[in-house]
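Down below is the structure, laid out as structure tokens.
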Amino acid sequence: MKKVLFDHDGGIDDLLSLMLLLSSPDIELIGITVTPADCYADEALRSTLKLCGLFGKTDIPVAVGDLHGINAFPAEWRAQPKMCNALPAMLRVDAKLDQLDSRPASELISSLLEEAVEPITVLMTGPCSNLNAALDDSPQAHAKIEEVVWMAGALKVRGNVAMHNHDGSAEWNVFWDPVSAKQLLSKNLPLTLVPLDATNAFPVSMDFLASLATLRSSQVADLAGQMWAATVTSLPSYEYTYFMWDVLATCCVLPLRQHMRFTDKKIDVLVSDPSAGQTTISANGTQVSVLERAEKEAVLAGIIELFDKNFVTDF
């Protein structure tokens, strides 16, 4: 089993990513940390603990980060975990607070990496601030990392940041804390980037949701469908499509990776307005692996297959 440390920032696609990891027989989650970026931390923590409870995984340590980025996510996006906690399945299970580690997320990450006896894969579906701080505090933890998979960046496509002081070139996970992103690149980690260039091919379509809905006896598929349905009205007027941003990145740590193609590129991050957070291809950048494309039908079929099950907790 692949040992995975999951750092997320509480949005609906982050929670769906957690459900994928908890559904996979090939993954051992050794820790979960929450960045207060695309969420309000208290609600995202509650969602995380409830999902762990539904899957019977209440022994995984969970911690919340105390670091805050330079550019805050929109408030209406950050409120999404509260809606998820109002869904029937989530209301039927308690959040086990004894699963909560009292240390900040960055300290839990550094501790888990230091103690690891096998290589660890770090999956990040939010900003990288927790991991960056953990490696600053514990440089020796670098050697325990087999790979970092990060949903971040926009290389040859437009970003998804629409702010009055920005040119629209950045992706939000980098824009939230571009300084940390640039610092993380300087650490020369075995980093795999999943940018908008790849996730733009994976919109959450009605056809996909209809396929998920055919799994009438699956509690997991039902909850996943409800969460995705809630995204239909979650985006502002300048966006009309919700993509599988974090879900596609999560598939990179699953056997579904066999349906993906990666290439090496040298990447840099800009930190100044109006292009703060822009990820650029640069001869002077850091070499990373970049997801170029994925076989869409195979990946979507794999996601549906993983969600075709019931929860361990009887509710």
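Taken together, the values in this text are just the output of simple stated rules run on the coordinates, not laboratory data. Keep in mind it's a predicted model, so treat the numbers as computed, not measured. Don't worry about glycine lacking a Cβ; one is built from the backbone with ideal geometry, like all the others, and counts go over all protein chains shown.
Provide the FRET efficiency to the nearest 0.05 for the Lys266-Lys82 pair, computing r from the beta carbons and using R0 = 41 Å.
Values: r = 41 Å, r/R0 = 0.99.
Once the sixth-power term is evaluated, E becomes 0.50.
About its Cα centre, how strong a charge dipole does segment 1-101 have in debye, to the nearest 20, once Lys and Arg get +1 and Asp and Glu get -1 at the Cβ?
Numbers: 9 positive and 15 negative charges, 59 e Å.
Result for segment 1-101 is approximately 280 debye, rounded to the nearest 20.
Less than 16 Å apart at the alpha-carbon level, and either on another chain or at least 8 residues along: which aspartates and glutamates does that give for Lys3?
Candidates past the 8-residue exclusion: Asp26, Glu28, Asp59, Glu114, Glu115, Glu118, Glu146, Glu147.
Okay, helix-only estimate at 222 nm for the chain: each DSSP H run of n ≥ 4 adds -39500 (n - 2.57), divide by all residues, round to 500 deg cm²/dmol; what do you get?
Working: 14 runs with 115 residues, N = 315.
Calculated at 222 nm, the ellipticity per residue is -10000 deg cm²/dmol.
As a footprinting exposure proxy, order Thr192, Thr280, Thr231 by other Cβ within 10 Å, with the fewest listed first.
Numbers: Thr192 21, Thr280 15, Thr231 18.
Final ranking by Cβ density, sparse to dense: Thr280, Thr231, Thr192.
For Ser217 and Arg293, calculate 0.36 nm times their separation in residues minus their Cα-Cα distance, and state this gained length in nm to one decimal.
Numbers: separation 76, 0.36 × 76 = 27.36 nm, distance 3.23 nm.
Full-extension gain reported as 24.1 nm.
Could you name the aspartates and glutamates in cross-link range of Lys156, using Cα to Cα under 15 Å and dropping any fewer than eight places away on the same chain?
Asp167, Glu171, Asp197, Asp264, Asp268, Glu292
Farthest toward the dipole's positive end in segment 2-307, which of Val220, Ala276, Leu51, given Cβ charges of +1 (Lys, Arg) and -1 (Asp, Glu) about the Cα centre?
Val220
Pairs Lys50/Lys82; Lys182/Lys296; Lys57/Lys82; Lys50/Lys182; Lys182/Lys265; Lys144/Lys309: which are spaced more than 23 Å apart, C-alpha to C-alpha?
Numbers: Lys50/Lys82 12 Å; Lys182/Lys296 31 Å; Lys57/Lys82 21 Å; Lys50/Lys182 34 Å; Lys182/Lys265 15 Å; Lys144/Lys309 33 Å.
Where the Cα-Cα span goes over 23 Å, the pairs concerned are Lys182/Lys296; Lys50/Lys182; Lys144/Lys309.
Set the Förster distance to 30 Å, then compute FRET efficiency between Ala210 and Lys187 from the Cβ-Cβ distance, nearest 0.05.
Numbers: r = 43 Å, r/R0 = 1.44.
After rounding to 0.05, the efficiency reads 0.10.
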